[in-house]
Amino acid sequence: MKKAFRPYHFDLLPEELKSSVKSTPPVNFNRVWRARLGIAMMHFFMPKVDTKGVIVKELKIKRPSSDDGKLKIRVYEPAAPTSKKRLGMIFMHWGGFVVGNLKTEHHRCVRLCRSENIVIASVEYRLAPENPFPLGLNDCETALKWFHQNAETYRVSKEHIGVGGTSAGGGLAASLALRGIRKDERLINFQYLGFPVLDFRCSTESAKRHTDTPNWTSAANRLMWKYYLQNQTPNEIASPAIANELTGLPNTYIWTAEFDPLHDEAVAYSQKLIRDQVPTTFHDYQGGIHGFDSIPNAKGIIQKAHEDQQQFFSAFRKSK
């Protein structure tokens, strides 16, 4: 039974989210340069991340076309030596396909690397509107193939490599997984999809009615797709929600939040995954907002989200 829609109101938030919401400026996606400036300022004022126990290295890899220059990635590797093969994940940052870089989800990559013993390759993919679909996605695919070729270097099992991301990054991960099965390339063994961007139509109830929610709004959502598609007619790879069939996709972890324009499309996608017999773990956090599990306050709903993610990775390991 479908849950009744609740309009967003600050008083409905869990206490552990309220201070962050009060201090976060409203989303403004009307001017790309202004949005990018805001993200640059956010990065500047971010507290330094403790990387103890994690080896962090940046490197550049070749894109298939020599005209496109090199692709920057950041590899997070557990410092503790191991004789066992580890999980590996290609990771894409949030940012509406328009903003962000390797700094944007540095804290999440460190947390997952350290707590879940995962080698993560974070991708600085090309951004729209200058680089519309599928250029950013092509960068993610380049990173995925590079990771497979170099798995042994990082003690990663090729049968344990997945893709992950949040928001637009989650959308890119879903697109990459769907492209893989359409090409019959079995390079991806799990998907980690947080608040994923999936549906260009922006026609769900949450996409239309969440006009004032923190961190993401219906207006920003529509603008994002305009920047990303640049008048292209989207296919299922650009917008996985319109795919008729998802059979063959890998083990999927997907979560969303109640007060998020992207809420309903994540619910619908998880239902379609389950319908098509894709092993799927889905969490819908009541009272949550877009990106809430990135807030540096590991209490309540935030702590619960972290614990749920840990359980997924633990269960995935045991299933292999």
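The values are calculated or read from the model by the stated rules, or taken from the named source; none is laboratory data. All of these numbers come straight from a predicted model, not from anything done at the bench. Note: ideal-geometry Cβ built from the backbone for every residue, glycine included; neighbour counts use all protein chains shown. Areas reflect the complete protein model, heavy atoms only, side chains present, ligands, DNA and RNA absent. Shrake-Rupley method; radii C 1.70, N 1.55, O 1.52, S 1.80 Å.
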Can you give me the ranges of the helices (runs of 4 or more DSSP H) entirely in segment 163-278 with at least 1 residues that are among the β-branched types (Val, Ile, Thr)?
168-182, 263-275
Could you check how many residues of segment 51-69 are open to solvent by less than 100 Å² (accessible area, probe 1.4 Å) and within 14 Å of residue 142 (Cα to Cα)?
6
When every residue in segment 92-130 that is among the hydroxyl-bearing types (Ser, Thr, Tyr) and closer than 26 Å to residue 307 by Cβ is compared, the one surrounded by the most Cβ atoms within 10 Å (Cβ to Cβ) is 122
Could you give me the residue pairs with C-beta distances under 6 Å whose first residue belongs to segment 161-174 and is among the β-branched types (Val, Ile, Thr), whose second residue is open to solvent by 10 Å² or more (accessible area, probe 1.4 Å) wherever it lies, and which are 6+ apart or on separate chains?
161/189; 163/188; 166/94
Within segment 69-95, which residues are in contact (Cβ under 8 Å) with a residue 60 or more places away in the chain and within 24 Å of residue 40 (Cα to Cα)?
71, 73, 75, 90, 91, 92, 93, 94, 95
Any residue at all in segment 30-46 that is of a type in the set (S, T, N, Q), modelled with pLDDT under 95 and in a helix (DSSP H, G or I)?
no
Any residue at all in segment 4-22 that is within 21 Å of residue 109 (Cα to Cα) and open to solvent by 40 Å² or more (accessible area, probe 1.4 Å)?
no
Checked segment 290-320 for anything among the aliphatic types (A, V, I, L, M) and touching a helix residue (DSSP H, G or I) at 6+ places or on another chain (Cβ under 6 Å); matches are 295, 302, 305
State the number of residues belonging to segment 261-281 that are under 29 Å from residue 8 (Cβ atoms), touching a residue at least 24 places away in the same chain (Cβ under 8 Å), open to solvent by less than 20 Å² (accessible area, probe 1.4 Å) and not charged (D, E, K, R).
5
Verdict on residue 196 being surrounded by fewer than 22 Cβ atoms within 10 Å (Cβ to Cβ) and closer than 25 Å to residue 228 by Cα
no
Output for segment 236-260, where each listed residue is open to solvent by 60 Å² or more (accessible area, probe 1.4 Å) and either in contact (Cβ under 8 Å) with a residue 12 or more places away in the chain or touching a helix residue (DSSP H, G or I) at 6+ places or on another chain (Cβ under 8 Å) (or both):
245, 247
Could you please give the count of residues in segment 282-293 that are assigned to a strand (DSSP E or B) and open to solvent by 10 Å² or more (accessible area, probe 1.4 Å)?
5
When you check residue 72 against the structure, is it loosely packed, with under 11 Cβ neighbours inside 10 Å, within 24 Å of the chain's Cα centre (by Cα) and assigned to a strand (DSSP E or B), yes or no?
no
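Within segment 82-91, identify whether any single residue is within 27 Å of residue 30 (Cα to Cα) and buried (at least 18 other Cβ atoms within 10 Å of the Cβ), and answer yes or no.
Going residue by residue through segment 82-91, those that are within 27 Å of residue 30 (Cα to Cα) are 91.
Cutting the leftovers down to buried (at least 18 other Cβ atoms within 10 Å of the Cβ) gives us 91.
Looking for residues that are within 27 Å of residue 30 (Cα to Cα) and buried (at least 18 other Cβ atoms within 10 Å of the Cβ), one finds at least one in segment 82-91, hence yes.
Residues checked against (1) closer than 23 Å to residue 307 by Cα; (2) assigned to a strand (DSSP E or B); (3) of a type in the set (A, V, I, L, M); (4) in contact with a helix residue (DSSP H, G or I) (Cβ under 7 Å, 6 or more places away or on another chain):
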| position | (1), (2), (3), (4) |
| --- | --- |
| 76 | yes, yes, no, yes |
| 82 | no, no, no, no |
| 139 | no, no, no, no |
| 153 | no, no, no, no |
| 159 | no, yes, no, no |
Here is a check on your reading of the model: is residue 296 of a type outside the set (Ser, Thr, Tyr), buried (at least 21 other Cβ atoms within 10 Å of the Cβ) and part of a loop (DSSP other than H, G, I, E, B)?
no
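Based on what the data block shows, is residue 27 in contact (Cβ under 8 Å) with a residue 60 or more places away in the chain, farther than 16 Å from residue 141 by Cα and crowded, with 16+ Cβ neighbours inside 10 Å?
yes
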Somewhere in segment 145-154, is a residue open to solvent by less than 10 Å² (accessible area, probe 1.4 Å) and over 29 Å from residue 264 (Cβ atoms)?
yes
